[in-house]
Amino acid sequence: MLGSRKHNHIIETPDTGKWQLAGYEASLPLTEKSNPITKEIDKADPLQIVHLLKLCDAEIFQEEGETVINYQRLYSESVLQTLIDVAKKMEDILKDPEHSLVVLSGCGTSGRLAYLLVTSFNRLLKGLQKKHNYDYIIAGGDKALLTSQEAPEDNPYLGAEELEKVCAGKKQVLFIGISCGLSAPFIAGQLDFCMNNLNVFTPVLVGFNPTNMARNEIIEGWHLTFYQVAERMQELQKNYRAFILNPAVGPEAITGSSRMKAGSATKIMLEILFLAAHRAAFSNKEITANGILDCLQAYERVHKVTYSQSKKISVLVNQVGESLQKGGHVYYIGWQTLGVMGIIDASECPPTFGADVGDVRGFINNGYKEMDNKEGNIASLGPEFCIAHDDFVRNILPHVNDNDTVLFLFTLDDDLSEIDKLATQISANTSNLHAVAHSTAGHYVPENVKKSFASIISITWPIVFSEYEGCFVQKLQRELCTKWILNIISTGGHILKGKIYYNYMMDLKVSNTKLFRRALAILQRVTGQSRLRCQEALLQAIYDTDELTDPIRTSEVTKHTQMASTKNQVVPTAVVILARNCSLTEARSRLDAHPTMREAIEACLRATGRKRTADQIAAGIHGEND
Ligand code: F6P
């Protein structure tokens, strides 16, 4: 199993895979390629699902191969050096809080992770009696922390405007723009703004494609592509005026689902960076490659700790799958930042799986007070923004039954009597109450708390003897572990519900240009038809019509995505139209005639003689004008 390795590792990583070969899905960037490891994940049982995700996540820590394309990886010297260079810039900023700022920005999960890191590290500074030094921006504002808001992601002007506002009056700003796919116009606008104001800004781009795979598509109403922005940054990096942190972590387990590996790698890489800068600024510890390598190893240990619970996690996957199949719900009830992890996981289910906002939801103790987000309490925006435990008890609990799964997320340092009280209350309505409980060696969930839960995944961490910072690092690791567990159960549950075909998110929301392109790529792959024909079928499904007019055909993509954001089952409908060469009405009734979307699609493709082989699917990718 071991590839060539220069460094000491805690876990085994898979052999270099097909995706590292030059011709593999050549028209797609790494973050949009399909991962050969998971190509049959839609047919896997819960235990196999967990195993496949374990292998995929292990690729994050794989080292650069020697015989295949030279993708730089997390452990590559070039990446370690950039981490050191950026940490040194950050150290200077931390030492001058009056005039300087670190800003993290992202869209979707990238923006949610920006928020999480910023609030966590500001709390760390507060604990050290230091001034706040970090700020975050998320496309779509704080409501995007809880629900998916894809449209603002397409607007480079909005990104730049928000950044200018946040940095008003600052003399030095380290700006970190996260776009896992090197693709979001919102981030491109911000990076461009920074590069036009280098007297104040040092821009850093974080993503997981090589720069030559940055999105090179015209951005509506703007003069640059993301690729051109990244190219300019690359030039500036030669003089340390800008930086790009873009190790490859391999394709996502569910194609394009950057909330998964890319999200985890964002968290790992930025935490390593922030910790190194903090230690340098406040404890006089030099920023070295060895220090960074030690941190990386600690994160590998989190992978090991998490997946040592594979069996128990698979039981939960099965449970969540059953709930979703029966039309039930999944509720994460978390404490402190573990509550945030639940909210983050839940927020991506609608755009990824075409889930309803109520299907998977997260709740946190003390609601917005605990969230500490910039816009404060936004519960008035609608029921999906009511996120406190009290809201759950008041609005949701009366309707909870055995079809639902409720999952508590806590540590033994949280208020156990409050946990016990809430668990007792919920267990009166459902026998499907489970928990992920983090403890330190020698500490166990008390029997009286245990009694309400049908199962507990108990994660034990070493006792930290070193002070405040050691506990803080462990908190970050518990978050990552929880993220992995939640990603597995929400992805696994939706796989069991039939929302995934091969490893493609078939029922994605087509709500921005990136997702429109992804939808087209999926249609081409599964039907093998031309791009033009796939686009026609996609537009038919979006505009609810069998007759496409010229104004529809010639509209901008953002018009299509606006329209699509209110529609259901857009991509599955288009697949059936293409496979059966049928009308919209017939496509919809064929979808309805099967218990799951995956079975419907499989039946339609089988009827056209398109056999289920992964190679055939891979051969379905055609060029732009095909
Ligand atoms: O467009 C929605 C989305 O795909 C989210 O699912 C994801 O978290 C976000 O975009 C971020 O994408 P990126 O980091 O590649 O810009």
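In this structure, the residue pairs whose Cα-Cα separation is over 32 Å, taken from K312/K514; K143/K450; K43/K514, are K312/K514; K143/K450.
Our estimate of slack between K238 and N377, defined as 0.36 nm per intervening residue step minus the Cα-Cα distance, is 45.7 nm.
For the range 221-287, trypsin sites (Lys or Arg not before Pro) meeting the loop criterion (DSSP other than H, G, I, E, B) and having at most 15 other Cβ atoms within 10 Å: K238, R241, K285. Going by C-beta contacts inside 10 Å, put T255, T306, T430 in order with the fewest on the left. Ascending number of Cβ neighbours within 10 Å: T430, T306, T255.
Full extension of the chain between D390 and A26 yields a length gain of 126.0 nm, computed as 0.36 nm times the residue separation minus the alpha carbon distance. For the range 254-319, the set of GluC sites (Glu not before Pro) satisfying both a DSSP loop assignment and a count of at most 13 other C-beta atoms within 10 Å is given as E286. Listed cross-link partners K165/K509; K261/K304; K267/K374 are compared with a 22 Å cut-off, the Cα-Cα value being larger for K165/K509. The tail of the calculated P(r) for the range 309-497 beyond 28 Å holds 20 percent of all Cα-Cα pairs. With each label modelled as a point 7 angstrom along the Cα→C-beta vector, the K171-A607 pair spans 7.1 nm. Sites listed here are trypsin sites (Lys or Arg not before Pro) in the range 51-113 whose DSSP assignment is loop and whose Cβ has at most 14 other Cβ atoms within 10 Å: K95.
Using the Kirkwood radius over C-alpha pairs as Rh, can you work out the diffusion coefficient of the range 411-505 via Stokes-Einstein at 4 °C, viscosity 1.567 mPa s, in µm² per second? Rounded, D is 84 µm²/s. Between K369 and S308, the modelled label-to-label distance comes to 3.7 nm, taking each label 7 Å out from Cα in the direction of the beta carbon. What number does the range 171-253 give for Rg over Rh if you use C-alpha atoms and the Kirkwood radius? Across the range 171-253, the Cα-based Rg/Rh ratio is 0.96. With 0.36 nm allotted per residue and the present C-alpha distance subtracted, the F282-D85 stretch has 69.2 nm of extension available. Please check which bits of the range 178-209 a label hung off I218 would reach, taking the label as a point 7 Å along Cα-to-C-beta and the cut-off as backbone N under 14 Å. Flagged as within label range: none. In percent, rounded to a whole number, the relative contact order of the range 309-497 is 27, using alpha-carbon pairs under 8 Å and six or more apart. Set against the 2.2 N^0.38 Å expectation for a compact globular protein, the range 77-287 has a Cα radius of gyration ratio of 0.94. Remark: C180, C471 ranked as C471, C180, counting other beta-carbon atoms within 10 Å and listing the fewest first. So what is the 222 nm mean residue ellipticity for the chain from helices alone, if each DSSP H run of at least 4 adds -39500 (n - 2.57) and you divide by all residues, rounding to the nearest 500 deg cm²/dmol? Taking each H run of at least 4 residues, the total per residue is -14500 deg cm²/dmol. Could you tell me the distance between the Cα centroids of the range 201-252 and the range 285-304, to the nearest Å? Value for the Cα centre distance between the two parts: 26 Å.
Annotation: aspartates and glutamates with alpha-carbon distance below 13 angstrom to K311 (same-chain offsets under eight excluded): D45.
The C-alpha radius of gyration of the chain, expressed as a fraction of 2.2 N^0.38 Å, stands at 0.92.
Evaluated at q = 0.20, 0.22 Å⁻¹, a Debye calculation over the C-alpha positions of the range 503-619 (equal weights, vacuum) places log10 I(q)/I(0) at -1.07, -1.30.
When 1/r is averaged over all different Cα pairs and the result inverted, which Kirkwood radius in Å belongs to the range 478-551? Averaging 1/r across every pair of different Cα atoms and inverting gives 14.3 Å. A Förster radius of 51 Å combined with the Cβ-Cβ distance from E77 to H399 puts the calculated FRET efficiency at roughly 0.40.
A short reminder: the numbers here are calculations on the coordinates, not readings from a lab. Since the structure is predicted, the reported quantities are computational estimates derived from the model, not experimental observations. Cβ coordinates were reconstructed from backbone atoms using ideal geometry, including for glycine residues, and neighbour counts include every protein chain displayed.
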